[in-house]
Structures are given as C-alpha cells and as structure tokens.
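**Student:** Dumping the structure here so I can ask a few things about it.
All of the numbers you see were taken from the coordinates with simple rules; none came from a lab. Just so it is clear, the structure is predicted and the values come from calculations on it, not from any experiment. Counting neighbours? That spans all protein chains shown, and the Cβs are built from the backbone with ideal geometry, glycine included.
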Amino acid sequence: MTLSRRRTLQLGLGAVAAGCSGIERQPVRASDNPKQTFSMAGEMQLKQRAAAKGLIYGSAASYSSLKQDPQFAKLFAETCGILVPENELKWGALRPASDRYDFTQADWMAEYAQQNNILFRGHNLAWKHFNPDWLEGVTSRNAEQVLTRHITTVMKRYAGRMHSWDVVNEAIAGIPSWRSDGLQTSPWLTMLDKDYIDIAFRAAAAADPKAMLVYNDTALEYEKPEDERTRSAVLALLRDLKSRKIPVHALGIQAHLDAAETRFNANKLRRFLSDVASLGLKILITEMDVKDQNLPPDRELRDRSVARTYEEYLSVVLDEPAVVAVMTWGLSDRYTWLAETNPRKDGLAIRPLPYDENLGRKPAWNAIARAFDAAPKRS
Ligand code: XIL
C-alpha cells in the first residue's frame, strides 16, 4: 500500500477503495467521498494565507488576460503575491529578430505587478521550446555569445525588480535521453553541449545578483519510470552544479498534476525534496495545475477530485521547509493552456485551476487555502 493510499484511508476517502480489496489503483479517488467539503476558516485571500506562513502564493498570467479583462486583473491583484508572465519573457516573445528585442508586453506586466504591489518572476532564459526561427541560424561558434547577451540584456532590464528567474527550463524531463546525464535534445545542447547550463547561470548571476536563480523542470512527481528518471537526473545535475559552484539557488518543480493519476508516492517525493534541500537549495512549486481530462463528466466529482489532488500534493511539499513559494499556472479556468493541450473528449470545459470560468472560487481554492493554513511556518 502506498502512502497516498494510506492517506486516502486516513482522510476517510477510501470507503470504496477499501471495499475493493485487491484493486490497488482506483482511477478516480476523490469521487470516493462525495461528502468531502474542503471546508476552511476565515475569509483571507490565498496570498495572505501563504504570507502568514512565510510563503509566497501567485500565478502565471498572460499579458492579454490582464490587459483586456479588468475583472480578472482585479482578482489577480487581490489573490496573488507574485506574477509570472506565461509566455511574454520567453525568447519567442522577446526576440522578433536576432538584433531586436520587444519588451512591450513584458514591461507592461512588470509595471502592473509594481502598481499592485505584486512580486515579479521571470520565465525563462534557456528552453528547447518557444524559440524564434532565427535561432536555427546560430552555430556553435557564436552560441555562447548569443545566449550570454540575451540573458544579460533581459535580466539587466528588470534587475532588482525580479524575485526569481527560471534560468534553465526542462533540460531533463521528456523522452528518455540517450545521454548518461539525461539531458534532452535542445538547440542549446546541440550548440554548446552541457556547458550551456553553466554559461546561463553564470551570465544570470552577473546580470542580476539579487534575483533567485532557479533550475525549473517537470515530471518530478509520480512513481512512474519517467519521473523516477527525471528525479535522479535532476538531483545529479544539481549536485554537479553545486559542487562546481555554479550559481544556482533553487529548484523549480512545475507540478502539472493529473487528478486521475494514482501513482503518487508521498514518501518518495518527500525524500526527493529533502535531498534537494540538503544541497542548500530552496524549492519553488512553479506551475501547478491539475488535469481533469480523464475524469468522468460529473462536474462536482471532478472539482472534488482536482481539489483533493491539490491538497494531497501541497500538504506533502509544504512539510518541507525548503519550499518557499507556490505558483499555479493560471488562476481561473477562463484562461488555461490545458484547454488547448489537454481538452476533454466529451467537449466539456476543463476545470484545472482554483477559480472557475466566472471567477468564482472552487473546491480547489479551498484545498490550496487548507494546505497553506496547515503548513508549518517558515522561519
Ligand atoms: C506554456 C504556455 O502556457 C502556453 O501558452 C504556450 O503555448 C506553451 O508554453 N512548461 C513550461 C511553460 O515551462 O513555459 C509552459 O507554458 C507549460 C509547460
């Protein structure tokens, strides 16, 4: 029996599962307890509940959602202590040509954050996706210069105003790599081999000595071969970077979860978090959302299942004192990338985030609030 299943029983959610002895994996778990209400006390916003524990809560958002939807922008400012531009700081958005930068949208978002007293966070400086076509013309000969210049220019523009930067994104997670270090094919790996990671972090530290420099990756959560592989390669990478004094300050765990996934092993995750923390690194949950694509259509059941996934996961990770921030990848189901990447076959709208499409709080909101309320206070 996995700990998650034990926890399920402890929480009184396991009535059906317990009755079906021999069936270890229930496809939908929260539906086991239609009475679960996710009740919580008080009226405080998520950012206040997080702050009361020395934590930061916030979300990614797009320029257009904040600029064109005042109701959403108001909710965002009330709820979030940190803003992450969803795409606006990526190479593909900032670099229309090799000799040009376009900061219009990112600048507007930095200003919005400042006006509303919200921290600002950068995502990202080196990734295999979302790159401009002209990057294909860069070669091993000038790649170091192109990467360093980009990082220097972009980071200096926001220096002193950035809480943290995802310096390197998803160097490891993905299809099994042919390399023993597990690094994924990317334009940067092709041009600079693994040195691109050192180059990026060194340039980042020089450009903004105040920002927290983060290595961000995905597929770190579950007890399945891909995630096992990612966890061990990420840990080896971080160990290697720290041993060579490359300036990395934190691990970003994306946490794109799936409410229908049963292979959550809390013990393994705790051990991984504590291994990362023992390297002297902080940990940020950077892109949390919960897919409901593979759940039955019933809306209440889906909402409970998504909420339960949030609470179960956050209650484990917030036990680790090195975890200092939780960001969701979107605030409201009105704006979620999963609508395109993970739509439901039955055509129903997906519901992966704390607020619904009408900006009303969902059980997932309560679940996050409960996890913050129960979290130990950071010193
Ligand atoms: C996604 C955005 O949400 C989409 O709008 C875009 O089309 C593709 O990128 N991991 C990451 C994020 O690090 O940058 C991704 O964001 C989601 C997965």
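**Student:** Any chance you could list P(r) for the stretch 204-263, counting all Cα-Cα pairs in 5 angstrom bins from zero, rounded to whole %?
**Tutor:** All Cα pairs considered, the percentages come to 4, 17, 22, 20, 15, 11, 7, 4, 1.
**Student:** Hey, another quick one. With an 8 Å cut-off on Cα pairs and a minimum separation of 6 or more residues, tell me the relative contact order of the chain in percent. Don't skip to the end; give the middle numbers.
**Tutor:** On the way: 696 pairs, mean separation 69.2, N = 379.
Computed over the chain, the figure is 18 percent.
**Student:** If I fit a long axis through the Cα atoms of helix 363-374 and take the longest principal axis of the Cα atoms of the chain, what angle between them do I get, 0 to 90°, rounded to 10?
**Tutor:** Tilt of helix 363-374: around 80 degrees.
**Student:** Each residue of the stretch 347-355 in turn: what ³J(HN,Hα) in whole Hz from Karplus with 6.51, -1.76, 1.60 and θ = phi - 60°, glycine and Pro shown as x?
**Tutor:** Result, rounded to whole Hz: x, 5, 5, 7, 9, x, 10, x, 10.
**Student:** Continuing with this model, one more query. If you build a Gaussian network model of the chain, linking Cα atoms that sit under 10 Å apart, which residue out of 152, 37, 309 swings the most?
**Tutor:** Looking only at 152, 37, 309, the biggest GNM fluctuation is shown by 37.
**Student:** Next up: With Cβ to Cβ distances under 10 Å as the rule, what net charge do the other residues near residue 353 carry (K, R +1; D, E -1)? Show your work: numbers first, answer last.
**Tutor:** Numbers: positive: 334, 351, 362; negative: 289, 333, 356, 357.
Net charge around residue 353: -1.
**Student:** Please report, to one decimal in angstroms, the Kirkwood hydrodynamic radius of the chain built from all distinct Cα-Cα pairs. List each step's numbers first, then the result.
**Tutor:** Values: mean 1/r = 0.0469 Å⁻¹.
It works out to 21.3 Å.
**Student:** If you filter the stretch 196-242 for trypsin sites (Lys or Arg not before Pro), then keep DSSP loop positions with at most 12 other Cβ within 10 Å, what is left? Present the calculation step by step, with values, prior to reporting the outcome.
**Tutor:** Numbers: sites: 202, 210, 229, 231, 239, 242; in loops: 210.
Passing sites in the stretch 196-242 are 210.
**Student:** Next up: Could you tally the net charge around residue 332, taking each other residue with its Cβ under 11 Å from the Cβ of residue 332, Lys/Arg +1 and Asp/Glu -1? Before the final figure, lay out each step's value.
**Tutor:** Numbers: positive: 334, 351, 361, 362; negative: 69, 333, 356, 357.
With Lys, Arg at +1 and Asp, Glu at -1, the net is 0.
**Student:** Taking the DSSP beta bridges in the chain as the whole, what percent of them are antiparallel, to the nearest 5? Numbers along the way, then the final one.
**Tutor:** Details: 3 of 38 bridges.
Of all bridge pairs located within the chain, approximately 10 percent are antiparallel.
**Student:** Which of 125, 348, 338 moves most in a GNM of the chain, Cα contacts under 10 Å?
**Tutor:** Answer for the Gaussian network model of the chain: 348.
**Student:** Further question on the same structure: Given the DSSP H assignment, sum -39500 (n - 2.57) over each helix run of at least 4 residues in the chain and divide by its residue total; what's the result at 222 nm in deg cm²/dmol, nearest 500? Don't skip to the end; give the middle numbers.
**Tutor:** Values: 15 runs with 151 residues, N = 379.
It comes out at -11500 deg cm²/dmol, rounded to the nearest 500.
**Student:** Using Cα positions and a limit of under 16 Å, work out the lysines in reach of residue 210, with same-chain residues fewer than 8 apart set aside.
**Tutor:** Correct list for residue 210: 156, 282.
**Student:** Further question on the same structure: With +1 assigned to the C-beta of every Lys and Arg and -1 to the C-beta of every Asp and Glu, and no other charges, what is the dipole magnitude of the stretch 39-124 about the Cα centre in debye, to the nearest 20? Mind showing how you got there, number by number?
**Tutor:** Details: 9 positive and 9 negative charges, 54 e Å.
The calculation lands at about 260 debye.
**Student:** Let me ask you something else. Which of rounded, prolate or oblate describes the stretch 144-207 when judged by the alpha-carbon gyration tensor and an a/c cut-off of 1.5? Numbers along the way, then the final one.
**Tutor:** Working: a/c = 3.00, a/b = 1.93, b/c = 1.56.
Since a/c reaches 1.5 and a/b is larger than b/c, the shape of the stretch 144-207 is classed as prolate.
**Student:** Here are some pairs, 291/345; 67/90; 291/362; 47/90; 53/362; which of them have Cα atoms lying more than 24 Å apart in this structure?
**Tutor:** Correct reply: 47/90.
**Student:** Obtain the radius of gyration and the Kirkwood radius of the stretch 186-237 from its C-alpha atoms and give Rg over Rh. Numbers along the way, then the final one.
**Tutor:** On the way: Rg = 13.6 Å, Rh = 12.8 Å.
Here Rg/Rh amounts to 1.06.
**Student:** Which residue fluctuates most in the GNM of the chain (Cα springs below 10 Å): 350, 82, 246?
**Tutor:** Among 350, 82, 246, the largest mean-square fluctuation in the Gaussian network model of the chain belongs to 246.
**Student:** Taking every pair of distinct Cα atoms and averaging 1/r, then inverting, what Kirkwood hydrodynamic radius in Å comes out for the stretch 79-222? Can you show the working numbers first?
**Tutor:** On the way: mean 1/r = 0.0637 Å⁻¹.
About 15.7 Å, per the Kirkwood formula over Cα pairs.
**Student:** Can you give the Rg/Rh ratio of the stretch 162-251, where Rg is from the C-alpha atoms and Rh is the Kirkwood radius? Walk me through the numbers before you get to the answer.
**Tutor:** Working: Rg = 13.0 Å, Rh = 13.5 Å.
Over the Cα atoms of the stretch 162-251, Rg/Rh equals 0.96.
**Student:** Note down the Stokes-Einstein diffusion coefficient of the stretch 25-148 in µm²/s, whole number, using a Kirkwood radius over alpha carbon pairs, 4 °C, and 1.567 mPa s. Don't skip to the end; give the middle numbers.
**Tutor:** Details: Rh = 17.5 Å.
For the chosen part, D equals 74 µm²/s.
**Student:** Running Debye on the stretch 239-306 with equal point scatterers at the Cα sites and no solvent, what base-10 log of I(q)/I(0) appears at q = 0.12, 0.14, 0.27 Å⁻¹?
**Tutor:** Per q value, in the given order, log10 I(q)/I(0) is -0.46, -0.58, -1.18.
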